[in-house]
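The values are calculated or read from the model by the stated rules, or taken from the named source; none is laboratory data. Keep in mind the model is a prediction, meaning the values are calculated, not measured. All Cβ positions, glycine included, derive from the backbone under ideal geometry; neighbour counts span all protein chains shown.
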Amino acid sequence: MTKPILDVEKLNIRFNTPTGINHVVRDVSFALGREKLAIVGESGSGKSQTARAILGLTPGMVSAQKLEFDGTSLLGLSNSEWRKIRGRRITMVMQDPKYSLNPVMRVGDQLMEAAARTNARSALKGRAMEMLEAVKIRDPERVFRAWPHELSGGMGQRVMIAMMLVTEPELLIADEPTSALDVTVRLQVLAILDDLVKTRDMGLIFISHDLNLVSSFCDRVLVMYAGQIMEELDAKHLNEAKHPYTRGLLACTPNLEKPVGVLPTLQRDPSWMAPVSR
Amino acid sequence: MSLSALKSVGKVLLSIATTMLGLLVVTFIISRLLPADPVLAIVGDHASESTIAAARTKLGLDHPIPVQFLLYIWNVLQGDLGMSLRTSQPIMTDLANVFPATLELATWGILIGVVIGIPLGVWAAVRKDTIVDHLIRFVGLVGYSMPIFWLGIMGLLIFYAKLDWLPGPGRLDFGYEDIVTPVTGIMTIDTLIAGETDLFWNALAHLILPASLLGYYSLAYISRMTRSLMLSQLRQEYVLTARVKGVPESRIIWKHAMGNVLVPLLTVVALSYGNLLEGSVLTETVFAWHGIGLYITDSIFGQDLPAVMGGTIVVGFVYIIINTLTDLAYRFLDPRAR
Amino acid sequence: MATNASGWVLSVTPQNWRRWLLTDTPDSRMQARAGRAYLGWVAFARNPLAMIGLVIIVALIAMAILAPLLTNWDALFGGNIETERLLPPGGDHWLGTDQQARDIWSRIVYGSRTTLLIIFMVTVTAAPVGIIIGTTAGYLGGWVDTALMRLTDAFLAFPKLVLALAFAAALGAGLENAILAIAITSWPPYARIARAETLTIRNTDYIAAAQMSGASGLRVLIGHIMPMCLPSLIVRVTLDMAGVILTAAGLGFLGLGVAPPQPEWGSMVSDGRNQILDQWWICTYPGIAIFIVSLGFNLMGDGLRDVLDPREQ
């Protein structure tokens, strides 16, 4: 690919616990261009921590051979240097707007707070309303004045997306953005996300546990297990996956077209754990 | 006001009424059923036959207990708490005279508690598990393990007797109390009204020690609760969202998290205010501060049970009102509850 | 572990005990309970402040039991009024003497017995009352629940000291009355906790099974529901102890506790008040004693709560 916006090489994240060091992300390497990359794995696979590390918001100890965003290293940045990147050029959409929006601040205020990073005071409301329209909210004035608990799940998530795209970032991380939504609403939100990412020519990291969902939505898929990347492949070629874990994941999701008598359970093989560099 | 708002207010008034009723049940039991001879407890040992007889009729002691109780409630509602054996005044008048002193003290106390306690609690939360956190928690712990009357005595010993930095007991220096005509009952205000600026400063100086004592008491509790509330908010997802947005940490603490902390914190402050009413009983005794607390204890020693019960009813009533008002404010301030 | 007698005795080593307690497959309920208690203890012991609290409480109990060994002076009646009154700390009288020539250290030591007695009696009175009212309200529900909870709220509506004062004033001075007065203001929180726990477990299958096998309501209540409330209650009781001590001391300070010449720390502070300027020790040391014991219970209670309810962290 042409110069990637995100270049990760041997990323490691460790946590200090009373019972020893917990190595949650092990030697993870990948590159991201202006495309939609999915990171798939079960709970505890380290996918969320990887995302947080890209934003410098993980409480764990981060070490990597390379962690570069648009040529700038993200390792050991000072607070003021992070200020130029976080919330401006890299942002993140989280899972459940019930919790990820501040319940005692109006939606409009939260939107304007995000917009204030790149806009003058006078332009804040205008930008906020623009974004609300961009995420296809039909009554933007009412939503602007609303409290978060007054919004439905789908609307709240669209507000989240608006909030995180108002500064026109180059990289958006979406951490299970549709997992808390009803199935019918999911597709709507995904469509909006798809449209926005395409028109702005952004990079998107889509974190999920749902392999089927990302296969149709994303360009490439990274499969993570126990902190390591098991396999990396194009979404189109998912059926040709070679790693037993990926095959296992594919096999254990129910399929209406090819029903099986008994759904297989995922077998885990300790030999998948490769030795780690440090 | 909308219908639902009226309904809320109605529910609140009902809850005050029922809790007051419960309170009066308890005070009724204490004043009528516990003492060996309730009439003597009310009129005193030296009363004449006719006084005793009059009291019997007035209290309805010839009637069955439920009727007596209704009579009791009726009297209380009219503000008739009986006559004090000690001062020979209507108890309600006595209480009205002394209540402002307690109010003055408790209010200064809670101000200190809030102004110092909340920032300390926030600081401890933000610097969790560091030495600052441990220090603040320790100071708080000492605060609610300390016998308040003893600390008051020590305070007087050190700052008044040994160092002579602060004046002694009482609301004003000895003998000056009669110069000021009570208008509001609050010494700092009344001295200003009377134009006695020297006495104003004197009153303020006299407030320092007892108010600081109560202030310490309340800041111990307030800082602990603020810390705990703040920690719980800082764990929430919306804080992560704000950090992702690049919001500066100080704004995250004081606007985002604090906004969510304020409402439960209000309950904490109100509870603390109620506790200060309790703490004032002992503090007023130590500092010869003529408020409700001292009135109640003097009445106990003067064998003046009606006055003790009257004071208890008023204190209980104020406590209930404070708690109920906080409940109301909660519903008013939290957007989710509207 | 070997099961025959001599084999058993020989195999009781610390390592074996640990293995037995921490096993994932306990053989009996007693073993499982013991294992859990051990884990709780380990967590508790890791907290230095909690351990300090425990040490203080143990010291208090030891002081009360070993009182005669800790001091030779009489706590009730003083020595020679001429020569031994108002002596400063030092020499034979470690903490000095008071106006009646009584040794302060001795009065503090014997005063610990009064303190322990008060704590014990208040707990033994208030906790059962609270449990009974709470579980009954939770189990029966309906108007019984409402009535009992209104009663609880009424008691909670008073600041504790004021209500205790009112009771003590009506009943008269004296230790039993003071204990009663404090107990009466202490039970409401226990009733609340017991009711909350009862409501949680009232509808479980486990209780339904007990009811279907013929157990009467009372039996279910006493045999099954009440024991479930114990853990939260134990934490609450420990945390409340500090408050009980302070209230008792407050009552003592106001002259509503034990009758003189019995030593009680609160009344000792009051005794020393008039002498405060020149003989500060009469008043100071008992106050320190009250403070240390109250601190001990607070530390221990905090430690217990961290172990039993870690989400507070």
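Worth a mention:
- Tallying residues that are surrounded by fewer than 23 Cβ atoms within 10 Å (Cβ to Cβ) and part of a loop (DSSP other than H, G, I, E, B) within segment A:34-51 yields 5.
- Test set (1) touching a residue at least 60 places away in the same chain (Cβ under 8 Å); (2) farther than 23 Å from C:ALA196 by Cα; (3) at the interface with chain B (Cβ under 7 Å from one of its Cβ atoms) - C:LYS160 fails condition number: (2)
- Any chance B:MET225 is within 14 Å of chain A (Cβ to nearest Cβ) and within 30 Å of B:SER15 (Cα to Cα): no
- The number of residues in segment B:136-167 being away from every other protein chain (no Cβ under 11 Å) and either of a type in the set (Lys, Arg) or outside any helix (DSSP H, G or I) (or both) comes to 5.
- Taken over segment C:188-206, residues that are surrounded by fewer than 24 Cβ atoms within 10 Å (Cβ to Cβ) and within 14 Å of chain B (Cβ to nearest Cβ) amount to 1.
- Per this entry, C:LEU251 is counted among residues that are closer than 18 Å to B:THR283 by Cβ, crowded, with 18+ Cβ neighbours inside 10 Å, more than 8 Å from chain B (Cβ to nearest Cβ) and touching a residue at least 24 places away in the same chain (Cβ under 8 Å).
- Tabulated pairs, segment B:49-65, first modelled with pLDDT of 75 or more, second part of a helix (DSSP H, G or I) and not aliphatic (A, V, I, L, M), C-beta under 6 angstrom, 6+ apart or interchain: none
- Single match in C:GLY266, C:GLY287, C:GLY296 (criterion: touching a Gly at 6+ places or on another chain (Cβ under 6 Å), small (Gly, Ala, Ser) and facing chain B (nearest Cβ under 8 Å)): C:GLY266
- Residue match in segment B:47-63 (condition: surrounded by 14 or more Cβ atoms within 10 Å (Cβ to Cβ) and closer than 23 Å to B:TYR295 by Cα): yes
- Flag if B:ARG171 is more than 25 Å from the chain's Cα centre (by Cα) and either of a type in the set (Lys, Arg) or surrounded by 19 or more Cβ atoms within 10 Å (Cβ to Cβ) (or both): no
- Annotation note: Cβ proximity below 9 Å between a residue of segment A:134-154 that is within 14 Å of chain B (Cβ to nearest Cβ) and a residue that is among the aromatic types (Phe, Trp, Tyr) (sequence gap 6+ or interchain) occurs for A:PRO148/B:TYR238.
- Residue in segment C:144-155 that is surrounded by 21 or more Cβ atoms within 10 Å (Cβ to Cβ), away from chain B (no Cβ under 14 Å) and over 19 Å from the mean Cα position of the chain (by Cα) present: no
- Per-region count, segment A:41-51, residues in contact with a strand residue (DSSP E or B) (Cβ under 7 Å, 6 or more places away or on another chain) and either more than 14 Å from every other protein chain (Cβ to nearest Cβ) or over 16 Å from A:THR91 (Cβ atoms) (or both): 6
- Conditions (1) farther than 28 Å from A:GLY56 by Cα; (2) within 14 Å of another protein chain (Cβ to nearest Cβ); number of the one not met by A:ALA123: (2)
- Residues (at the interface with chain B (Cβ under 10 Å from one of its Cβ atoms) and more than 13 Å from A:LEU165 (Cβ to Cβ)) located in segment A:103-120: A:PRO103, A:VAL104, A:MET105, A:ARG106, A:ASP109, A:GLN110, A:GLU113, A:ALA116
- Complete set of residues in segment A:53-74 that are under 12 Å from A:ILE13 (Cα atoms), away from chain B (no Cβ under 14 Å) and of a type outside the set (S, T, N, Q): A:GLY60, A:MET61, A:VAL62, A:ALA64
- Within segment A:183-230, considering residues that are of a type in the set (Ser, Thr, Tyr) and surrounded by fewer than 19 Cβ atoms within 10 Å (Cβ to Cβ), the one farthest from the chain's Cα centre (by Cα): A:THR184
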